[in-house]
1. Would you point out the residue of region B:96-116, among those that are at the interface with chain A (Cβ under 8 Å from one of its Cβ atoms) and within 25 Å of residue B:16 (Cα to Cα), that is surrounded by the most Cβ atoms within 10 Å (Cβ to Cβ)?
2. Given the criteria surrounded by fewer than 19 Cβ atoms within 10 Å (Cβ to Cβ) and under 14 Å from the mean Cα position of the chain (by Cα), does residue B:19 qualify?
3. Of the residues that sit in region B:40-95 and are over 12 Å from the mean Cα position of the chain (by Cα), within 14 Å of chain A (Cβ to nearest Cβ) and touching a residue at least 24 places away in the same chain (Cβ under 8 Å), which one is surrounded by the most Cβ atoms within 10 Å (Cβ to Cβ)?
4. Grab the strands (runs of 3 or more DSSP E) fully contained in region B:1-73, keeping just those with 1 or more residues being under 17 Å from residue B:113 (Cα atoms) and either touching a strand residue (DSSP E or B) at 6+ places or on another chain (Cβ under 6 Å) or at pLDDT below 95 (or both).
5. If only one of A:29, A:50 is touching a strand residue (DSSP E or B) at 6+ places or on another chain (Cβ under 7 Å), without any contact (Cβ under 8 Å) to a residue 40 or more places away in the chain and over 25 Å from residue A:111 (Cβ atoms), which one is it?
Amino acid sequence: DAKTTQPPSMDCAEGRAANLPCNHSTISGNEYVYWYRQIHSQGPQYIIHGLKNNETNEMASLIITEDRKSSTLILPHATLRDTAVYYCIVSAYNYGQNFVFGPGTRLSVLP
Amino acid sequence: ETGVTQTPRHLVMGMTNKKSLKCEQHLGHNAMYWYKQSAKKPLELMFVYSLEERVENNSVPSRFSPECPNSSHLFLHLHTLQPEDSALYLCASSQDLVGKTTDTQYFGPGTRLTVL
């Protein structure tokens, strides 16, 4: 079972920031938070990951709370092409039975 | 383009057929994976290979048979499948396995399989 909880769906207006929450209250000290997304009928795509510090790359920012029990993925200027299912995964390793893709959040970016 | 290709992209087969799915990665990675994604279900990890050796087999029925002849290629041989095996089959690769938590998985586009 996934160790994370995400809202099943969210809407966001095009051009606005999309903030996707993830709860992972049972996270262990050696576990990372990974984010992937899957656009319809394609394979999942890596977005970002972090351990305890906030992270930013060209796609998104990841904000992890100080107690590490939750995190937020931020897409600063959402476009229609960001419409996808977003998966938050907690794991000590980048693979394996603990690297579980749960149901994710279906983000719809609206024009 | 992620550097991971899969062929065919679509496959329709009868329950008595034998077919194979192919995955190729052009990233110089050492680990490769097969996942299954059924309609309205999360991804399920099927097999993991590291340096051409199978390191994980998640209780997958024997009608699915993986093969990894080298670190760039991964096959999934299919034999006497059932209609409930219809799904999107995804291949992924990563640089390494254990100890490289900063590695990420790169997925191919998948093969959409329909079993009649």
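The values are calculated or read from the model by the stated rules, or taken from the named source; none is laboratory data. All values derive from a computational prediction rather than experimental measurement. Don't worry about glycine lacking a Cβ; one is built from the backbone with ideal geometry, like all the others, and counts go over all protein chains shown.
1. Filtering first and then ranking leaves B:110.
2. When the stated conditions are applied, residue B:19 passes them.
3. B:94
4. Working: elements: B:4-7, B:10-13, B:18-25, B:31-37, B:44-50, B:53-57, B:64-70.
The strands (runs of 3 or more DSSP E) meeting that bar are B:4-7, B:10-13, B:18-25, B:31-37, B:44-50, B:64-70.
5. A:50
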